[in-house]
1. Taking residue 214 as the residue in question, decide whether it is closer than 23 Å to residue 20 by Cα, crowded, with 17+ Cβ neighbours inside 10 Å and either more than 21 Å from the chain's Cα centre (by Cα) or modelled with pLDDT of 90 or more (or both).
2. Tell me, please, whether a residue that is under 17 Å from residue 200 (Cβ atoms), in a helix (DSSP H, G or I) and either touching a helix residue (DSSP H, G or I) at 6+ places or on another chain (Cβ under 6 Å) or not assigned by TED's automatic domain parsing to the domain that holds residue 197 (or both) can be found in the range 231-244.
3. Taking the criterion of being touching a residue at least 12 places away in the same chain (Cβ under 8 Å) and in a loop (DSSP other than H, G, I, E, B), would at least one residue in the range 264-280 satisfy it?
4. Within the range 149-173, count every residue that is surrounded by fewer than 17 Cβ atoms within 10 Å (Cβ to Cβ) and part of a loop (DSSP other than H, G, I, E, B).
5. Looking at the range 284-294, can you tell me whether even one residue there is exposed (fewer than 13 other Cβ atoms within 10 Å of the Cβ) and at pLDDT 85 or above?
6. Given the criteria touching a helix residue (DSSP H, G or I) at 6+ places or on another chain (Cβ under 7 Å) and within 24 Å of residue 16 (Cβ to Cβ), does residue 272 qualify?
7. Residue 119 - would you say it is farther than 28 Å from residue 290 by Cβ, in contact with a strand residue (DSSP E or B) (Cβ under 8 Å, 6 or more places away or on another chain) and at pLDDT below 75?
8. Does residue 161 satisfy the criteria of being more than 26 Å from residue 101 (Cα to Cα), in contact (Cβ under 8 Å) with a residue 12 or more places away in the chain and assigned by TED's automatic domain parsing to the domain that holds residue 54?
(Lines give C-alpha, C1' and ligand atoms only; values in the text may rest on other atoms or scores of the structure.)
Protein backbone atom coordinates (compact mmCIF):
# COMPACT_ATOMS: atom_id res chain seq x y z
CA UNK A 1 0.00 0.00 0.00
CA UNK A 2 1.35 3.42 -0.88
CA UNK A 3 2.20 5.62 2.06
CA UNK A 4 -0.21 8.39 2.98
CA UNK A 5 0.26 11.67 4.74
CA UNK A 6 -1.77 12.45 7.83
CA UNK A 7 -1.59 15.31 10.29
CA UNK A 8 -3.13 18.30 12.01
CA UNK A 9 -3.58 21.81 10.63
CA UNK A 10 -5.10 24.83 12.30
CA UNK A 11 -6.13 28.17 10.83
CA UNK A 12 -5.23 31.26 12.83
CA UNK A 13 -6.03 34.89 12.27
CA UNK A 14 -8.11 37.73 13.58
CA UNK A 15 -11.77 36.95 14.29
CA UNK A 16 -13.97 36.82 11.18
CA UNK A 17 -11.29 36.29 8.51
CA UNK A 18 -13.10 33.19 7.21
CA UNK A 19 -11.49 30.34 9.18
CA UNK A 20 -14.71 28.42 9.88
CA UNK A 21 -15.95 28.88 6.29
CA UNK A 22 -12.63 27.48 5.07
CA UNK A 23 -12.88 24.52 7.47
CA UNK A 24 -16.37 23.67 6.20
CA UNK A 25 -15.31 24.04 2.55
CA UNK A 26 -12.34 21.70 3.00
CA UNK A 27 -14.34 19.07 4.87
CA UNK A 28 -17.20 19.38 2.38
CA UNK A 29 -19.77 19.48 5.17
CA UNK A 30 -20.74 21.93 7.86
CA UNK A 31 -18.73 21.12 11.00
CA UNK A 32 -18.07 24.66 12.24
CA UNK A 33 -20.77 27.28 12.67
CA UNK A 34 -20.26 30.55 10.86
CA UNK A 35 -21.63 33.98 11.58
CA UNK A 36 -20.98 37.60 10.65
CA UNK A 37 -20.23 38.11 14.33
CA UNK A 38 -16.56 37.84 15.33
CA UNK A 39 -15.49 35.15 17.81
CA UNK A 40 -18.26 32.76 16.85
CA UNK A 41 -16.09 29.66 17.30
CA UNK A 42 -15.63 28.61 20.91
CA UNK A 43 -14.22 25.12 20.68
CA UNK A 44 -11.35 23.52 18.85
CA UNK A 45 -13.58 21.66 16.41
CA UNK A 46 -11.89 18.91 14.44
CA UNK A 47 -12.99 18.63 10.85
CA UNK A 48 -11.60 15.67 8.95
CA UNK A 49 -10.78 15.71 5.25
CA UNK A 50 -10.20 12.28 3.70
CA UNK A 51 -8.40 11.87 0.39
CA UNK A 52 -6.91 8.69 -1.14
CA UNK A 53 -3.42 10.12 -0.57
CA UNK A 54 -3.97 11.34 2.97
CA UNK A 55 -6.02 12.72 5.81
CA UNK A 56 -6.09 16.32 7.02
CA UNK A 57 -7.40 16.90 10.52
CA UNK A 58 -8.47 20.52 10.77
CA UNK A 59 -8.61 22.11 14.18
CA UNK A 60 -10.78 25.22 13.94
CA UNK A 61 -9.82 27.39 16.88
CA UNK A 62 -11.49 30.52 18.23
CA UNK A 63 -10.04 33.72 16.72
CA UNK A 64 -7.18 35.18 18.74
CA UNK A 65 -8.18 38.41 20.46
CA UNK A 66 -7.43 40.47 23.54
CA UNK A 67 -9.51 38.81 26.26
CA UNK A 68 -11.92 40.92 28.30
CA UNK A 69 -13.54 38.11 30.29
CA UNK A 70 -12.61 34.78 31.83
CA UNK A 71 -14.29 33.10 28.83
CA UNK A 72 -12.06 35.16 26.52
CA UNK A 73 -8.99 34.10 28.46
CA UNK A 74 -10.01 30.42 28.30
CA UNK A 75 -10.55 30.67 24.54
CA UNK A 76 -7.07 32.15 24.11
CA UNK A 77 -5.61 29.38 26.30
CA UNK A 78 -7.33 26.83 24.07
CA UNK A 79 -5.70 28.38 20.98
CA UNK A 80 -2.27 28.26 22.69
CA UNK A 81 -2.73 24.57 23.47
CA UNK A 82 -3.82 23.69 19.93
CA UNK A 83 -0.98 25.63 18.30
CA UNK A 84 1.56 23.70 20.35
CA UNK A 85 0.27 20.38 19.00
CA UNK A 86 -0.34 20.83 15.26
CA UNK A 87 1.88 20.00 12.26
CA UNK A 88 0.94 23.03 10.17
CA UNK A 89 -0.30 26.48 11.19
CA UNK A 90 -2.10 28.33 8.38
CA UNK A 91 -2.31 32.07 8.98
CA UNK A 92 -5.39 33.63 7.33
CA UNK A 93 -5.89 37.24 6.26
CA UNK A 94 -8.75 38.52 4.09
CA UNK A 95 -7.97 39.91 0.63
CA UNK A 96 -10.53 42.65 1.27
CA UNK A 97 -8.68 44.37 4.16
CA UNK A 98 -5.18 45.79 4.49
CA UNK A 99 -2.85 43.90 6.80
CA UNK A 100 -3.05 45.61 10.20
CA UNK A 101 -1.47 45.51 13.68
CA UNK A 102 -3.64 42.54 14.72
CA UNK A 103 -2.38 40.48 11.76
CA UNK A 104 1.21 41.46 12.51
CA UNK A 105 0.87 40.50 16.16
CA UNK A 106 -0.55 37.08 15.33
CA UNK A 107 2.03 36.40 12.58
CA UNK A 108 4.86 37.33 14.97
CA UNK A 109 3.40 35.16 17.76
CA UNK A 110 3.91 32.07 15.56
CA UNK A 111 7.60 32.22 16.58
CA UNK A 112 6.41 30.53 19.77
CA UNK A 113 5.55 27.34 17.85
CA UNK A 114 8.80 26.28 16.17
CA UNK A 115 7.58 22.71 15.57
CA UNK A 116 4.83 23.68 13.12
CA UNK A 117 5.33 24.53 9.44
CA UNK A 118 3.79 27.95 8.65
CA UNK A 119 1.60 28.67 5.62
CA UNK A 120 -0.22 31.90 4.73
CA UNK A 121 -3.67 31.98 3.12
CA UNK A 122 -5.27 35.11 1.69
CA UNK A 123 -9.03 34.48 2.05
CA UNK A 124 -12.20 35.97 0.54
CA UNK A 125 -10.66 36.54 -2.91
CA UNK A 126 -14.17 36.37 -4.44
CA UNK A 127 -14.96 39.72 -2.76
CA UNK A 128 -11.70 41.45 -3.76
CA UNK A 129 -10.31 43.02 -6.94
CA UNK A 130 -7.23 41.65 -8.69
CA UNK A 131 -5.17 44.59 -7.40
CA UNK A 132 -6.34 44.02 -3.83
CA UNK A 133 -5.39 40.34 -4.02
CA UNK A 134 -1.91 41.17 -5.39
CA UNK A 135 -1.39 43.86 -2.74
CA UNK A 136 -2.51 41.49 0.01
CA UNK A 137 -0.26 38.67 -1.16
CA UNK A 138 2.72 41.03 -1.03
CA UNK A 139 1.78 42.34 2.44
CA UNK A 140 1.18 38.85 3.86
CA UNK A 141 4.35 37.46 2.29
CA UNK A 142 6.33 40.18 4.07
CA UNK A 143 4.96 39.24 7.52
CA UNK A 144 7.35 36.28 7.93
CA UNK A 145 10.36 34.88 6.15
CA UNK A 146 9.51 31.24 6.78
CA UNK A 147 6.17 30.77 4.99
CA UNK A 148 6.22 27.36 3.25
CA UNK A 149 3.56 28.73 0.85
CA UNK A 150 1.39 31.83 0.37
CA UNK A 151 -1.92 30.99 -1.34
CA UNK A 152 -4.94 33.12 -2.34
CA UNK A 153 -8.29 31.37 -2.00
CA UNK A 154 -12.05 31.76 -1.92
CA UNK A 155 -13.75 29.20 0.32
CA UNK A 156 -17.13 30.40 -0.96
CA UNK A 157 -16.49 29.78 -4.66
CA UNK A 158 -13.99 26.97 -3.87
CA UNK A 159 -11.44 28.72 -6.09
CA UNK A 160 -7.92 27.38 -5.25
CA UNK A 161 -9.36 25.04 -2.60
CA UNK A 162 -7.68 22.02 -4.23
CA UNK A 163 -4.37 23.88 -4.29
CA UNK A 164 -4.63 24.57 -0.55
CA UNK A 165 -5.57 20.93 0.17
CA UNK A 166 -2.65 19.57 -1.85
CA UNK A 167 -0.16 22.02 -0.32
CA UNK A 168 -1.30 21.22 3.22
CA UNK A 169 -1.25 17.45 2.66
CA UNK A 170 2.25 17.63 1.17
CA UNK A 171 3.48 19.25 4.40
CA UNK A 172 2.02 16.52 6.66
CA UNK A 173 4.07 13.69 8.16
CA UNK A 174 3.84 10.24 6.58
CA UNK A 175 1.77 7.85 8.68
CA UNK A 176 -1.49 5.96 9.03
CA UNK A 177 -4.89 7.67 8.99
CA UNK A 178 -6.02 8.64 12.50
CA UNK A 179 -9.78 8.53 11.80
CA UNK A 180 -11.88 6.02 9.86
CA UNK A 181 -12.87 6.98 6.32
CA UNK A 182 -16.20 8.80 6.25
CA UNK A 183 -15.86 10.49 9.66
CA UNK A 184 -16.01 14.29 9.20
CA UNK A 185 -15.72 15.50 12.81
CA UNK A 186 -15.04 14.19 16.30
CA UNK A 187 -17.62 16.52 17.83
CA UNK A 188 -20.44 14.75 19.65
CA UNK A 189 -23.96 14.96 18.22
CA UNK A 190 -25.23 17.00 21.18
CA UNK A 191 -22.34 19.48 20.74
CA UNK A 192 -23.18 19.86 17.06
CA UNK A 193 -26.86 20.39 17.89
CA UNK A 194 -26.00 22.99 20.55
CA UNK A 195 -23.77 24.84 18.07
CA UNK A 196 -26.51 24.76 15.41
CA UNK A 197 -28.96 26.34 17.88
CA UNK A 198 -26.37 28.97 18.87
CA UNK A 199 -25.79 29.83 15.21
CA UNK A 200 -29.54 30.32 14.72
CA UNK A 201 -29.74 32.46 17.87
CA UNK A 202 -26.81 34.63 16.70
CA UNK A 203 -28.50 35.56 13.44
CA UNK A 204 -29.64 39.16 13.47
CA UNK A 205 -28.90 39.93 17.13
CA UNK A 206 -27.29 43.14 18.29
CA UNK A 207 -23.56 43.35 18.88
CA UNK A 208 -23.59 43.08 22.66
CA UNK A 209 -25.39 39.75 22.64
CA UNK A 210 -23.25 37.17 20.75
CA UNK A 211 -20.66 36.62 23.45
CA UNK A 212 -23.38 36.27 26.05
CA UNK A 213 -25.16 33.34 24.36
CA UNK A 214 -24.43 29.74 25.29
CA UNK A 215 -26.52 26.67 24.49
CA UNK A 216 -26.90 23.47 26.50
CA UNK A 217 -28.75 20.41 25.18
CA UNK A 218 -30.55 19.05 28.27
CA UNK A 219 -32.17 15.97 26.73
CA UNK A 220 -32.52 14.23 23.40
CA UNK A 221 -34.38 11.02 22.64
CA UNK A 222 -36.39 9.36 19.87
CA UNK A 223 -40.12 9.63 20.59
CA UNK A 224 -41.86 6.27 21.06
CA UNK A 225 -44.19 5.17 18.24
CA UNK A 226 -43.07 8.09 16.08
CA UNK A 227 -40.37 9.10 13.61
CA UNK A 228 -39.70 12.24 15.69
CA UNK A 229 -36.65 12.98 17.86
CA UNK A 230 -37.34 15.22 20.85
CA UNK A 231 -34.61 17.76 21.65
CA UNK A 232 -34.79 19.94 24.76
CA UNK A 233 -32.24 22.75 24.96
CA UNK A 234 -31.52 25.86 27.03
CA UNK A 235 -30.31 29.11 25.50
CA UNK A 236 -28.31 30.76 28.29
CA UNK A 237 -27.80 34.53 28.45
CA UNK A 238 -26.34 36.86 31.09
CA UNK A 239 -29.12 39.40 31.69
CA UNK A 240 -32.92 39.65 31.70
CA UNK A 241 -32.75 42.31 28.96
CA UNK A 242 -30.91 39.80 26.73
CA UNK A 243 -33.53 37.15 27.47
CA UNK A 244 -36.18 39.58 26.22
CA UNK A 245 -34.22 40.17 22.99
CA UNK A 246 -33.89 36.42 22.28
CA UNK A 247 -37.59 35.74 22.98
CA UNK A 248 -38.81 38.76 20.98
CA UNK A 249 -42.29 40.24 20.83
CA UNK A 250 -44.75 37.56 21.99
CA UNK A 251 -42.08 34.89 21.40
CA UNK A 252 -41.72 35.69 17.68
CA UNK A 253 -37.92 35.75 17.66
CA UNK A 254 -37.58 32.51 19.61
CA UNK A 255 -39.95 30.82 17.13
CA UNK A 256 -37.70 31.98 14.26
CA UNK A 257 -34.60 30.69 16.06
CA UNK A 258 -36.34 27.35 16.62
CA UNK A 259 -37.38 27.02 12.95
CA UNK A 260 -33.87 27.87 11.69
CA UNK A 261 -32.19 25.58 14.19
CA UNK A 262 -34.55 22.68 13.46
CA UNK A 263 -33.73 22.89 9.74
CA UNK A 264 -30.04 22.49 10.64
CA UNK A 265 -30.56 19.76 13.25
CA UNK A 266 -32.75 17.39 11.21
CA UNK A 267 -29.96 16.45 8.74
CA UNK A 268 -27.63 15.78 11.71
CA UNK A 269 -30.13 13.54 13.50
CA UNK A 270 -31.60 11.92 10.39
CA UNK A 271 -35.23 12.27 11.52
CA UNK A 272 -37.82 15.00 11.94
CA UNK A 273 -37.19 16.93 15.15
CA UNK A 274 -39.41 18.39 17.86
CA UNK A 275 -37.28 21.19 19.35
CA UNK A 276 -38.15 22.75 22.68
CA UNK A 277 -36.09 25.87 23.50
CA UNK A 278 -36.00 27.48 26.92
CA UNK A 279 -34.19 30.78 27.55
CA UNK A 280 -32.60 31.15 30.97
CA UNK A 281 -30.41 33.78 32.63
CA UNK A 282 -27.08 32.86 34.28
CA UNK A 283 -25.79 36.21 35.57
CA UNK A 284 -22.35 37.19 34.17
CA UNK A 285 -21.57 33.57 33.25
CA UNK A 286 -18.58 34.57 31.10
CA UNK A 287 -16.76 35.77 34.22
CA UNK A 288 -17.78 33.00 36.62
CA UNK A 289 -15.52 29.90 36.74
CA UNK A 290 -18.33 27.66 38.13
CA UNK A 291 -20.81 28.68 35.42
CA UNK A 292 -18.16 28.33 32.70
CA UNK A 293 -17.46 24.79 33.89
CA UNK A 294 -21.15 23.91 33.78
CA UNK A 295 -21.42 25.29 30.26
CA UNK A 296 -18.48 23.20 29.09
CA UNK A 297 -15.67 25.79 28.99
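1. It is false that residue 214 is closer than 23 Å to residue 20 by Cα, crowded, with 17+ Cβ neighbours inside 10 Å and either more than 21 Å from the chain's Cα centre (by Cα) or modelled with pLDDT of 90 or more (or both).
2. Applying the first criterion (under 17 Å from residue 200 (Cβ atoms)) to the range 231-244 yields 231-237, 242-243.
Still in the list and also in a helix (DSSP H, G or I): 242-243.
When the remaining residues are screened for being either touching a helix residue (DSSP H, G or I) at 6+ places or on another chain (Cβ under 6 Å) or not assigned by TED's automatic domain parsing to the domain that holds residue 197 (or both), the result is 242.
Scanning the range 231-244, I find at least one residue that is under 17 Å from residue 200 (Cβ atoms), in a helix (DSSP H, G or I) and either touching a helix residue (DSSP H, G or I) at 6+ places or on another chain (Cβ under 6 Å) or not assigned by TED's automatic domain parsing to the domain that holds residue 197 (or both), so the answer is yes.
3. Taking the range 264-280 first, the residues touching a residue at least 12 places away in the same chain (Cβ under 8 Å) are 264-265, 268-269, 271-280.
After this cut, where a residue has to be in a loop (DSSP other than H, G, I, E, B) as well, the list is 271.
Checking the range 264-280: at least one residue is touching a residue at least 12 places away in the same chain (Cβ under 8 Å) and in a loop (DSSP other than H, G, I, E, B).
4. Residues in the range 149-173 being surrounded by fewer than 17 Cβ atoms within 10 Å (Cβ to Cβ) and part of a loop (DSSP other than H, G, I, E, B): 4 in total.
5. No - not one qualifying residue is present in the range 284-294.
6. Details: touching a helix residue (DSSP H, G or I) at 6+ places or on another chain (Cβ under 7 Å): yes; within 24 Å of residue 16 (Cβ to Cβ): no.
In short, no.
7. Numbers: farther than 28 Å from residue 290 by Cβ: yes; in contact with a strand residue (DSSP E or B) (Cβ under 8 Å, 6 or more places away or on another chain): yes; at pLDDT below 75: no.
It is false that residue 119 is farther than 28 Å from residue 290 by Cβ, in contact with a strand residue (DSSP E or B) (Cβ under 8 Å, 6 or more places away or on another chain) and at pLDDT below 75.
8. On the way: more than 26 Å from residue 101 (Cα to Cα): yes; in contact (Cβ under 8 Å) with a residue 12 or more places away in the chain: yes; assigned by TED's automatic domain parsing to the domain that holds residue 54: yes.
Judged against the criteria, residue 161 is a match.
The values are calculated or read from the model by the stated rules, or taken from the named source; none is laboratory data. Just so we're clear, the structure is a prediction, and the values are computed from it rather than from any experiment. All Cβ positions, even for glycine, are placed from backbone atoms using ideal geometry, and neighbour counts span all protein chains on display.
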